[in-house]
Amino acid sequence: VLFMITGLPVALPVLPLELTILYNSLLFTVGASDCAIKGEAEGICQGLIRVLEACGASRQDLSAKELWQKVLQEVKLEELQAPLHRLGALQAAWWLAANRLGSVTGLFRLLSNAEDLERARCREGENELLSLLKAWRVPAAEASLPLVQSAGDLKEILCTAAAFLQGLQELEAGNFPTALSLLQEAAGGFCSKRVLAQIYTCLGCCAQRMGKPQTALQYLRRALRVDFQCLPALSYVVSLYHELGETDTELQALALLYEALEKKPPAAASFSRCFLIRTELLVNTPMLSSILCHRHPSEVKYLLAQRCLQYGRVADAVDHYLDFLALLQEGLQQQVPLDGGSALPRIPEVFLEAASALEQAGRHRDAITMCEEVIRRTTGLIPWSLRVKERLEQPECPLPGAEPAGGLPSQKEGLRCLAWRAAGYLHQGWAWATLGESKEAITQFSRGCLDDGICRSVCVSMPESLLPEVKVLQKIRLLSLIGRGAEFLEQGKHKEALLDFQHGLQISPGDPAAASYLVQALWKLNRKQEAAARWQKLSQSSAGEDEQQGRPFPLYLMSCLKRATFPHSECLARSIQDYLGITSQDSPG
């Protein structure tokens, strides 16, 4: 019908009917597509041009914004005001969907009469667009011209969408109090349960960024009460419980999130099909997509494993890591990118964390096998010599996962592979030591100590961008030396142990574990005076280097750091104090 009408010469008496048909037609088009509104509403521009033609007004090549300005300033016929206002509300929907908030504000200034503008006059701190929308008088519907969606309903949806969009803008800009106020306005508006849950999720995100975790939790609980399938809200709940240190609740929420993600997602929350234009079709911004991004089930499974390991729940950690590794076997690499775009770490780190969990759970041989897989896969990727100085001018690969010419790993990747392999040997060393296999333990610790030539090459002229990788390598080497030295002490090889602890202190001067073991080695060698002097110096020293730097090491090293802690501090301290007491008595008074 619309096509037939627009093909006819324009006639003023039937123009209200034509504009009403155009209004209904555009609503049906949007409702049938059931997706976010995009682009310009060409039909609205054509309708405005026909209005200008009917009124004898000149028409040039004008933009949609200029057309509206010309029509509303020059066309004063009373019978056209209602259909033009309805069409204006529809135009506002298109512009809101394009995030053109300024254009919508300008349009409603033109649609408002003097009385409306007086009512919409903003006091300080009020939002002009919302004030204009609320003050706009909805044209009365005509019985002879039925509408598929009333202008009154459209007004309510425009108000909700405008508040939601502006709230998201302020949230992105960091203006949190303003964002909170606008999002609260949107939450009281006209929308489906799904959109209301999204608004509450954004309110929770805003409150969290304001440093109000309890308020954030209240909003997120409301989101889940409204629509339990709003899983991004549950993700934020998890992060808030982590922030609050509520370990049990955090793990329960993570398990619930994983279970929900594993299930087949149900149909979207219900909305009334009688509304062809809805809030969800008007609000589609990158900021909202970022807030509402869905995690992959495997990411949640890994986070669950990681948290259990961090919290010392090693039995649960083992189960979750093994489940996650089973997902890897099923081809997870093709489902989720294992680079910077995902919450998942690199695969060797997952294996090493799993090995750490197995070791702490007493499954030492399983841990050894897990580390063997890391060693096997990384050995071929490590160059024989990491000549950092000669390659400083070579740029890093521009794409994640890309490799330089010839298939050789980049400097950073080579260092990471070296660290992963050395960490595998380190874990194997501790596992064999626990099993009482001292010879195997010493062999693996020796491999974890790295070749001196490689160590010198990675420490000379090191660019600052690679320092984190080098520090991890140095820590692994230190821990391997401490482990091997401890085994030598157990075997009574005190001189060999002393050399390892001295070497460790060259790598990390002042390290409390290496220094304590060094004192014990000196004591065993009957160099008691030197041991006592070093012990006194150690007791007076401040916190170790790691605490001063505050730089956390990878999770897969945490159990090794604990294992390397000197276990005989009290016994050794008593022996040294007794010795110092005797020597002070023997000294001439």
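Approximating the spin labels as points 7 Å out from Cα along Cα→Cβ, the residue 496-to-residue 568 distance works out to 1.7 nm. Within the straight-line cut-off of under 24 Å between alpha carbons, the lysines reachable from residue 76 are 65, 134, 155, sequence neighbours fewer than 8 places apart in one chain being disregarded. Multiplying the residue separation of residue 28 and residue 529 by 0.36 nm and subtracting their alpha-carbon distance yields 171.0 nm. Given R₀ = 56 Å, what would the calculated FRET efficiency be for residue 439 paired with residue 319, taking r from the Cβ atoms and rounding to 0.05? That gives a FRET efficiency of 0.95.
What number does region 340-381 give for Rg over Rh if you use C-alpha atoms and the Kirkwood radius? Looking at region 340-381, the ratio lands at 1.05. For region 70-90, the residues whose backbone nitrogen is under 17 Å from a point 7 Å from the Cα of residue 53, taken along Cα to Cβ, are 71. Counting only protein heavy atoms and using a 1.4 Å probe, what share of the accessible area of region 126-253 belongs to carbon plus sulfur, as a whole percent? Carbon and sulfur atoms account for 47 percent of the accessible area of region 126-253.
The values are calculated or read from the model by the stated rules, or taken from the named source; none is laboratory data. Given the structure is predicted, the values throughout are model-derived calculations rather than measurements. Ideal geometry is used to build each Cβ from the backbone, glycine not excepted, and the neighbour counts take in all protein chains shown. Heavy atoms of the whole protein, side chains included, go into the accessibility calculation; ligands, DNA and RNA do not. Shrake-Rupley method; radii C 1.70, N 1.55, O 1.52, S 1.80 Å.
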